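In what follows, a structure is listed as structure tokens, so that the remarks can point back to it.
What follows is calculated from the coordinates using simple rules that are stated; it is not laboratory data. Note that the coordinates shown come from a computational prediction; the quantities given were computed from them, not determined experimentally. Cβ coordinates were reconstructed from backbone atoms using ideal geometry, including for glycine residues, and neighbour counts include every protein chain displayed.
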Amino acid sequence: MTPDSLFEKISRTTDETEFYTPMPAGYRKGRTRYVVVCGTVISGLGKGIFSSSLAKLLKDKGLKVAPIKMEGYLNIDSGTLNPYRHGEVFVLDDGMETDMDLGTYERMLDQDVGAANFTTNGQILSSVLKKEREGGYLGRDVQVIPHVVGEVKLKLRELAVKSEADVVFIEIGGTVGDYENMFYLEACRQLAFEEGENSVCFVALTYVVEPQILGEQKSKAAQLGIKRLMEVGIQPHIIACRAGHPVNDKVRQKIAMYTNVPMKRVLSMHDLDSIYLVPDALRDAGIDREVLTVLDLHDRVDQPNEDREREKWRGFVGRIGKCNKDVTIAVTGKYTSLRDAYASIIKACEHAGVLMGVNVNLRWLDTPNVDANNVAQRLRDVHGVIVPGGFGVRGTEGKIDCIRHCRTQGVPFLGICLGFQMAVIEFARNVVGLKQANSTEFDPKCVEPVIDILPEQKMIEGLGGNMRLGGKDVEIRPGTLAAKLFGEATLTRLRFRHRYEVDPKYVSRLEEHGLIFSGKHPTQPIMQVLELDTGTHPFFVGTQAHPEMTSRPLKGQPFFLGLVKAAVDYAAKRLPTTSSSGSASVRPNATAR
Ligand code: GLN
């Protein structure tokens, strides 16, 4: 049977075949090609960074790209995952709560993604079980092969139809050999067979070890890792070797020889100073062109587009590490032991810093140790403070002390989500005089619940007690600092993930005392941005949203740009500026996820 006749036969679900390949309506075979990226040897190699960088190179060439991250866990989404274990929960515009890698795709591609770009074992198995209950399998016993695998292929082809992409980038979570991603690999193997020659490009990320005791790079672990992939019937087309240092030719040769992959398709992907240098490194290694060759896509390239996009990107990366000013911004956070929990904030600060020519050092501050007596000392040499999002009461009183210090001492401040709510509580307590102001999240019986879950809003949102999630419009009040930051726009869109909000019945009292709600929901009484008059404070801004999630390398997020600029001005007034010890530059290492 030729792949074509097989394709015809299996695209109809009948009981005369052992195959199960449901096709979404409107699917055109050959229109969309696929790049499958999987990891071998160890996890945490930066598959998302690699895959998004490669996707960016193809997008720059004028091709339409759509990424999908396939997670091995059984959770339906990332909403319930502990950021300690899994990094931050990244919220998409359509409200899907995903893995932080989706943030990497949005930033690298400067492209919003949605629920169709993310799946988990939980999602796949749920739809199979739902179909089974609905009698969708024509009396067949439902099996991992063909049904679960068929569901994975359906999901991939649905994304191809929906996105109309030239290339779908499939990132398979975990490492080859993990039980939980085996059916993803089998699905991709079948996909390649069904779609035929030049349709699917398999890329294996591997790891070249360099044991200190030997002082040289060894290829065996990488060879064995790739062999594991070949055992499941997948011959990689391209091998990317992660390593601390550039991978030498001898090692590349060995890997090439033992995996049947030509040398020019075995590339060194060693650590770089910034993940934003990865696209150019891949391009210099010629990997973008190799992918086009494997997928027979050279004729879809728009060269002038690539030249333009490359120029813009180079303008950004050319400034990385060349900043001549330093500011230190404190981030008060509960997850200070795991920086992945704040990945988007780190990125947003990096973007703002690079775009403004400032090296932004972040100082992590765990607030349970902060109180009214030591706050001035703890924030002594910082030029700005971010109070980020979070859940639960731990450290909240220390955050309030930090906010009070910023408000009274003119230190630039940005409150994000929980940080916005804390700023409202601080203002209510210390300016309005509502000493018992609090959030019902921390004190369900509190006397002055300035932050609360509001029954009428529960009805409006129709979400019950659940979170308010995803992109929402924000109406900006003209003449405010927010309006200035957003270039006098009266409407913007930000990402949200919260359950509590400002109780509207306190709004007028807060405003009478000088708190300005400069961003609101266009039709509902939901306060989304607050600020103090710039006549009284240089930069005091809070937002119920997560602005860090919409910052992009070439388009810094206005609140972060504003904070960094205010921090520079603040530092200039307190010469000489020193970047203090204990701070970490936000310039990330390419090994970071
Ligand atoms: N815990 C707060 C709420 O649920 C803030 C959430 C957040 O910071 N993401 O509203």
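At-a-glance table
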{"quantity": "Partner lysines for residue 218 [C-alpha distance under 28 Å; skip if fewer than 8 residues away on the same chain]", "calculated": "47, 227, 250, 254, 264"}
{"quantity": "Selected from 207, 377, 419, residue furthest toward positive end of dipole (the chain; charges at beta carbon)", "calculated": "377"}
{"quantity": "MRE, 222 nm, helices only [DSSP H, n ≥ 4, -39500 (n - 2.57), over the chain, to nearest 500]", "calculated": "-10500 deg cm²/dmol"}
{"quantity": "Packing-based ranking, highest mean first, of 541-553, 253-265 given that Cβ atoms within 10 Å are counted", "calculated": "541-553, 253-265"}
{"quantity": "For region 316-399: rounded, prolate or oblate by the Cα gyration tensor [a/c cutoff 1.5]", "calculated": "oblate"}
{"quantity": "Under Karplus coefficients 6.51, -1.76 and 1.60, residue-wise ³J(HN,Hα) of region 554-562 in Hz, glycine/proline x", "calculated": "8, 10, x, 7, x, 5, 6, 4, x"}
{"quantity": "Beta bridge orientation in the chain: antiparallel %, DSSP, nearest 5", "calculated": "35"}
{"quantity": "Amide hydrogen neighbours beyond the local backbone of residue 543, cut-off 5 Å, H modeled", "calculated": "415, 416, 417, 420, 530"}
{"quantity": "Those lysines that a straight Cα-Cα span of less than 24 Å connects to residue 131, excepting residues fewer than 8 apart in one chain", "calculated": "9, 69, 153, 155, 162"}
{"quantity": "Built amide H within the under 5 Å cut-off of residue 438, gap 5+", "calculated": "448, 450, 451"}
{"quantity": "Placed amide H near residue 39: partners under 5 Å, 5+ positions off or other chain", "calculated": "176, 205"}
{"quantity": "In order through region 352-359: 3J(HN,Hα) via Karplus (6.51 cos²θ - 1.76 cosθ + 1.60), integer Hz, x for Gly, Pro", "calculated": "4, x, 4, 5, 9, x, 10, 8"}
{"quantity": "Overall form of region 80-212 per C-alpha gyration tensor (a/c, 1.5; a/b vs b/c)", "calculated": "rounded"}
{"quantity": "Burial order of peptide ranges 21-27, 160-166 (average beta-carbon count within 10 Å, highest first)", "calculated": "160-166, 21-27"}
{"quantity": "Helix axis angle, 182-195 relative to the chain longest principal axis, alpha carbon, degrees", "calculated": "60"}
{"quantity": "Cα-based shape type of the chain, given that a ≥ b ≥ c are square roots of the gyration tensor eigenvalues and the cut on a/c is 1.5", "calculated": "prolate"}
{"quantity": "Highest-first arrangement of 94-106, 416-428, where packing means the average Cβ count within 10 Å", "calculated": "416-428, 94-106"}
{"quantity": "Karplus-derived 3J(HN,Hα), 6.51/-1.76/1.60, for each residue of region 276-293, Hz, glycine and proline x", "calculated": "6, 8, 4, x, 5, 5, 5, 5, 4, 7, x, 5, 4, 6, 5, 5, 4, 5"}
{"quantity": "Proximal aspartates and glutamates relative to residue 505, as straight alpha-carbon distance under 20 Å, when same-chain residues fewer than 8 apart are discounted", "calculated": "426, 441, 443, 448, 452, 456, 461, 475, 531"}
{"quantity": "Local electrostatic count, residue 182, Cβ distance below 12 Å [Lys/Arg +1, Asp/Glu -1]", "calculated": "-2"}
